[in-house]
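J.: Okay, handing you the structure first.
Just so you know, all these numbers are worked out from the coordinates, no wet-lab data involved. The model shown is predicted, which means the values in this text are computed figures rather than measured ones. As a convention, Cβ positions derive from the backbone with ideal geometry for all residues, glycine included, and neighbour counts pool all protein chains shown.
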Amino acid sequence: MIDTHAHLYSEEFDADRDSVIKRAVESGVTRLVIPSTDVNDFDAMMKLCSDYPETCLPAAGLHPVSVGRDYEDQLAFFEKQLAANRFAAVGEIGIDCYWSVDYIDAQRDAFERQVKLAAQHSLPVIIHARDSFAEIFSILDRIHSADTKGVFHGFSGTREDYLKIKEYGTFKIGIGGVITFKNSKLPQVVDIIPVTDMMLETDAPYLTPHPCRGKRNESSYIPLIARKIAELKNIGMEEIDRITSENAVTLFGITGAL
């Protein structure tokens, strides 16, 4: 299995990072996509991927919540890094209208520029969309091209949001721990999403799946998410693993044996 979104460089893992990755591999999660959020965590992300080159794949991008007065400088930094290093994706990028809209115009600008930058480098984007699907669709309607591809990470949208994403034809849907929450509406949406459009993710250390809620999330919990999807789709776990892994391999250009 592949965890397509985990922030294992964060300080929550400083005490036992090696053990966390070992547990992931032992649980069958053999590849992890590790997105940055801003210039402050970039070095830690790169070190993690350097320490575990057979397991962790880096992604570089400016998270919308990190967009502020210095966003132009941060974008210049990531543009330079993308030209100099190999990455699995540009991300985590997007628009967030939940935490703050103080820099909403800058968020829009940063998102559009990073989508275009990803296309220039033939890379997928990892999109963060929180209370912002309309904003993101407005931009994608204008700039989306055959070179634009990626994943809507931590999907929590409606059936209508999924159908709109489907119109673009080049995006996958990242399904995480929310699918296991007792009061989640996501199972009703997943009902119309084929597994061929899905990828598995944790967003570790956040959004821990049931029955481990209240604990720090980690990549070894991916099977809990896969099991819930298998239950909802009435498909075997092996098939969920095979299809979602194939989706991730194709999107992120993952090489080597899984």
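J.: Taking the conditions exactly as written (within 23 Å of Lys149 (Cβ to Cβ), of a type in the set (S, T, N, Q), assigned to a helix (DSSP H, G or I) and touching a Leu at 6+ places or on another chain (Cβ under 9 Å)), does Gln107 satisfy them or not?
T.: When the stated conditions are applied, Gln107 does not pass them.
J.: Could you tell me whether any residue of the stretch 86-100 is under 16 Å from Asp41 (Cα atoms), touching a residue at least 12 places away in the same chain (Cβ under 8 Å) and surrounded by fewer than 16 Cβ atoms within 10 Å (Cβ to Cβ)?
T.: No, the conditions are met nowhere in the stretch 86-100.
J.: What are the residues in the stretch 10-30 that are over 19 Å from Asp96 (Cβ atoms), surrounded by fewer than 24 Cβ atoms within 10 Å (Cβ to Cβ) and not acidic (Asp, Glu), if any?
T.: Within the stretch 10-30, Phe13, Ala15, Arg17, Ser19, Val20, Ile21, Lys22, Arg23, Val25, Ser27, Gly28, Thr30 meet the criteria.
J.: Could you look through the stretch 230-250, keep only residues that are surrounded by fewer than 22 Cβ atoms within 10 Å (Cβ to Cβ) and among the β-branched types (Val, Ile, Thr), and pick out the one that is nearest to Asp3 (Cα to Cα)?
T.: Applying the filter and picking the extreme gives Val249.
J.: Looking at the stretch 215-247 only, could you name the residues that are in a loop (DSSP other than H, G, I, E, B) and either under 20 Å from Phe152 (Cα atoms) or in contact (Cβ under 8 Å) with a residue 12 or more places away in the chain (or both)?
T.: Arg216, Asn217, Glu218, Ile235
J.: Those residues that are farther than 16 Å from Arg108 by Cα, in a helix (DSSP H, G or I) and without any contact (Cβ under 8 Å) to a residue 12 or more places away in the chain, I need them from the stretch 41-72; list them, please.
T.: Answer for the stretch 41-72, where residues must be farther than 16 Å from Arg108 by Cα, in a helix (DSSP H, G or I) and without any contact (Cβ under 8 Å) to a residue 12 or more places away in the chain: Asp43, Ser50, Asp51.
J.: Can you pull out every residue in the stretch 123-145 that is within 20 Å of Leu62 (Cβ to Cβ), among the acidic types (Asp, Glu) and either crowded, with 21+ Cβ neighbours inside 10 Å or out of contact with any strand residue (DSSP E or B) (no Cβ under 6 Å at 6 or more places or on another chain) (or both)?
T.: Listed by number, the list holds a single entry, Asp131.
J.: Using the structure shown, decide if Leu224 is touching a Cys at 6+ places or on another chain (Cβ under 8 Å) and surrounded by fewer than 22 Cβ atoms within 10 Å (Cβ to Cβ).
T.: yes
J.: If you don't mind, another one. Of the residues Ile21, Ile93, Ile34, only one is in contact with a Gly (Cβ under 6 Å, 6 or more places away or on another chain), on the phi < 0 side of the Ramachandran plot and not hydroxyl-bearing (Ser, Thr, Tyr); which?
T.: Testing whether each residue is in contact with a Gly (Cβ under 6 Å, 6 or more places away or on another chain), on the phi < 0 side of the Ramachandran plot and not hydroxyl-bearing (Ser, Thr, Tyr) leaves just Ile93.
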